[in-house]
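Trainee: Provided herewith is a single structure, encoded as structure tokens, for subsequent inquiry.
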Amino acid sequence: MSAVAAPRPGPPLWLLLELTYRCPLHCAFCYNPTNLAETGAELATEDWLRVLREARELGAVQLGLSGGEPLARDDLEEIVAEAHGLGYYINLITSGVGMTEQRIAALKQAGLDHIQLSFQDSTREVNDFLSSTRTFELKSRVAAMIKRHDYPMVLNVVLHRLNIDHVEQILDMADRLGAEYLELANTQYYGWAWKNRESLLPSREQVRRAEEATARFRERVGNRMQVYFVVPDYFETRPKPCMNGLGSVFLTVTPDGTALPCHAAKMLPGLDFPNVREASIGDIWYASPGFDRFRGDSWMKEPCRSCPEKTRDFGGCRCQAYLLTGDATNADPVCELSPHHHLITEAVERAEQAVAAGEARAPAVERPILFFRDHRSRDHRSRDRRNQR
């Protein structure tokens, strides 16, 4: 198949605003950047409101509010109210820390449609270890608040070697909490998870058992709960269509205003991503070289360029290709046709050996787990429009 130039993209249908990188949790699998010291000051309220208006004018309809912990922003309710007035469907992605009865009521009144609450495990001990905080009871209280305020109960648990054997207990916990939706999202290895990959990547047997436990649970509960089990990329033979192709439908704005075609793309070398302080969303989406770089397939190397799957998987994840091979234009090594696929199989083999040696319970001292840290947040209060001007 011959390469074709990228057509003019449609609108950015899915907008993700990472309102802050500040977070009370310190998760070992966090996808936030590991070089937070290089992040500039958070956008002011008016900047976020302008981004919402400009993206909606282009056709954006789905809005995610995340972080860090978005509840750390004092202006969250104002941002939600503006988004609701513009007609977005609004999803808050939260650890629950900072949620109170007063805030959830205010968010409901402002027009928030959906809350996705994260847990790290089904027990206080493991949940609190994995987040390096004492938050399990708090999360349980927030889950009850979500039910009381008539939101869909949507839980998310990131799976990895240290908790994947607890899937049955996690499923039972979700059932007790009255969840209507549960996402068991296996770790994707970039950000802090990349640094901790040797301690977090599970074995094939662990993944198999977790999938079987999930299938049994689905049979037992029927339509009472929808459970999504996202298999780790490393255990696939074909890559996922990452973001449906970079620059196709997804736009994220980081706390300092950098606009990205995926939340991890800032790591990609040689790309100059624009900032919403200096450019409109329209110019960013339609005229930015950073957003245009991986549209179409003219950038592809073999075997992707001549592969009939390229219109479905778009060559896979560019960030994964860069982290594993040093070149973002290579085929995603997850693909069994990639000349770099051995990097995946070798990583899985090391995980197999580690699990067999018992490291699932006691990670080796020579590979300590590195927890997410943003030292600036210790004395950093939420900034509103007045003190950011």
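The values are calculated or read from the model by the stated rules, or taken from the named source; none is laboratory data. Keep in mind the model is a prediction, meaning the values are calculated, not measured. Please note: Cβ atoms are built from the backbone with ideal geometry, for glycine as well, and neighbour counts cover all protein chains shown. Accessible surface areas use protein heavy atoms only, side chains included; no ligands, DNA or RNA. Shrake-Rupley method; radii C 1.70, N 1.55, O 1.52, S 1.80 Å.
Trainee: Within a Cβ distance under 12 Å of R148, other residues only, what is the Lys/Arg minus Asp/Glu net charge? Provide the component values of the computation, followed by the final result.
Mentor: On the way: positive: K108, R141, K147; negative: E101, D150.
Net local charge, R148 excluded: +1.
Trainee: Further, regarding this structure: I need the shape label for the range 290-337. Rule: rounded when a/c is under 1.5, else prolate if a/b > b/c, else oblate, with a, b, c from the alpha carbon gyration tensor.
Mentor: Details: a/c = 1.73, a/b = 1.05, b/c = 1.65.
Here the range 290-337 falls in the oblate category.
Trainee: Let me ask you something else. State the extension gain, in nm to one decimal, for the chain segment bounded by T345 and T311, taking 0.36 nm per residue of separation less the distance between their alpha-carbons.
Mentor: Working: separation 34, 0.36 × 34 = 12.24 nm, distance 2.52 nm.
Fully extending the segment from T345 to T311 adds 9.7 nm.
Trainee: To continue, here is another question. Cα centroids of the range 288-343 and the range 83-154: how far apart, whole angstrom?
Mentor: So the two Cα centres are separated by 36 Å.
Trainee: Could you check how much of the accessible area of the chain is carbon and sulfur, as a whole percent, using a 1.4 Å probe? Write out the running numbers ahead of the final one.
Mentor: Details: 8480 of 16760 Å².
Carbon and sulfur: 51 percent of the exposed surface of the chain.
Trainee: Moving on. Taking the Cα centre of the range 170-240 as origin and charging only Cβ (+1 Lys, Arg; -1 Asp, Glu), how large is the dipole, in debye to the nearest 20? Don't skip to the end; give the middle numbers.
Mentor: Details: 12 positive and 11 negative charges, 17 e Å.
Dipole magnitude for the range 170-240 comes out near 80 debye.
Trainee: Work out the length of the dipole vector of the chain about its Cα centre, built from +1 on the beta-carbon of each Lys and Arg and -1 on the beta-carbon of each Asp and Glu, and round it to the nearest 20 debye. Before the final figure, lay out each step's value.
Mentor: Numbers: 47 positive and 53 negative charges, 72 e Å.
Using Cβ point charges on Lys, Arg, Asp and Glu, the chain gives about 340 debye.
Trainee: May I ask you to derive the FRET efficiency for R218 and D283 from their Cβ-Cβ distance with R0 = 51 Å, giving the value to the nearest 0.05?
Mentor: Numbers: r = 46 Å, r/R0 = 0.90.
For R0 = 51 Å, the calculated efficiency reads 0.65.
Trainee: Tabulate in residue order the Karplus-calculated ³J(HN,Hα) for the range 122-138, using 6.51 cos²θ - 1.76 cosθ + 1.60 with θ = phi - 60°, rounded to whole Hz; enter x for Gly and Pro.
Mentor: Karplus values, whole Hz, x for Gly and Pro: 8, 10, 4, 4, 6, 3, 6, 5, 5, 9, 6, 8, 10, 10, 4, 5, 4.
Trainee: Same structure again: Would you grab the residues whose amide H sits under 5 Å from the one on L177? Only those 5+ places off in sequence or on another chain, please, with H modelled 1.01 Å from N.
Mentor: Distant-sequence amide H within range of L177: zero hits.
Trainee: How much solvent-accessible surface does R293 expose, in Å² to the nearest 10, with a 1.4 Å probe and all protein chains in place?
Mentor: Only protein atoms counted, so the area is about 100 Å².
Trainee: Next up: Largest first, what is the accessible-area ranking of C23, C262 with a 1.4 Å probe? The partial results should precede the final answer.
Mentor: Details: C23 30, C262 5 Å².
Descending accessible area places them as C23, C262.
Trainee: Taking a probe of 1.4 Å, how large is the accessible area per residue of the chain, in Å²?
Mentor: On the way: 16760 Å² over 389 residues.
Spelled out: the 1.4 Å probe surface of the chain, per residue, equals 43 Å².
Trainee: Something else: How would you classify the range 1-119 from its alpha-carbon gyration tensor, with a ≥ b ≥ c the square roots of the eigenvalues: rounded for a/c under 1.5, else prolate if a/b is greater than b/c, otherwise oblate?
Mentor: Working: a/c = 1.88, a/b = 1.28, b/c = 1.47.
Since a/c reaches 1.5 but b/c is at least a/b, the shape of the range 1-119 is classed as oblate.
Trainee: Where nothing but the Cβ of Lys and Arg (+1) and of Asp and Glu (-1) is charged, how large is the charge dipole of the range 242-353 around its Cα centre, in debye to the nearest 20? Write out the running numbers ahead of the final one.
Mentor: On the way: 10 positive and 15 negative charges, 48 e Å.
The dipole magnitude comes to about 240 debye.
Trainee: Per DSSP H run of n ≥ 4, the term is -39500 (n - 2.57); total these for the chain, divide by its residue number, and report the mean residue ellipticity at 222 nm rounded to 500 deg cm²/dmol. Show your work: numbers first, answer last.
Mentor: Details: 15 runs with 134 residues, N = 389.
Mean residue ellipticity at 222 nm (helix-derived): -9500 deg cm²/dmol.
Trainee: Oh, and also: Can you work out the Karplus-derived ³J(HN,Hα) for every residue in the range 281-290? Use 6.51 cos²θ - 1.76 cosθ + 1.60 with θ = phi - 60°, whole Hz, and x for glycine or proline.
Mentor: Using θ = phi - 60°, the values come out as 4, x, 5, 4, 6, 9, 10, 8, x, x Hz.
Trainee: Would you be so kind as to identify which of F136, Q120, T329 lies farthest towards the positive end of the dipole of the chain, taking Lys and Arg as +1 and Asp and Glu as -1 on Cβ and the Cα centre as origin?
Mentor: F136
Trainee: Choose one of G178, Q206, L15: the residue whose Cα lies farthest towards the positive end of the charge dipole of the chain (beta-carbon charges +1 Lys, Arg; -1 Asp, Glu; about the Cα centre).
Mentor: Selected residue: G178.
Trainee: With θ set to phi - 60°, apply the Karplus curve 6.51 cos²θ - 1.76 cosθ + 1.60 along the range 227-243 and write out the HN-Hα couplings as whole Hz, x wherever there is a Gly or Pro.
Mentor: 10, 10, 10, 9, 5, x, 3, 5, 10, 9, 10, 10, x, 6, x, 3, 6
Trainee: Ranking request for peptides 66-78, 333-345: highest mean number of other beta-carbon atoms within 10 Å first, then the rest in descending order. Don't skip to the answer; put the middle values down first.
Mentor: Numbers: 66-78: 21.3, 333-345: 17.8.
Ranking, from highest mean packing down: 66-78, 333-345.
Trainee: Looking at the square roots a ≥ b ≥ c of the eigenvalues of the Cα gyration tensor of the range 209-262, which shape do they give, rounded for a/c under 1.5, prolate if a/b is larger than b/c, or oblate?
Mentor: Values: a/c = 3.19, a/b = 2.03, b/c = 1.57.
Prolate shape, in that a/c is at least 1.5 and a/b is the bigger ratio.
Trainee: Using R₀ = 35 Å, calculate the FRET efficiency as 1/(1 + (r/R₀)^6) where r is the Cβ-Cβ separation of E168 and S298; round to 0.05. The partial results should precede the final answer.
Mentor: Working: r = 47 Å, r/R0 = 1.36.
For E168 and S298, the calculated efficiency is 0.15.
Trainee: Also, I was wondering about something else. Which value, in Å² rounded to 10, gives the accessible area of L184 with a 1.4 Å probe and all protein chains present?
Mentor: For L184, the solvent-accessible surface is approximately 0 Å².
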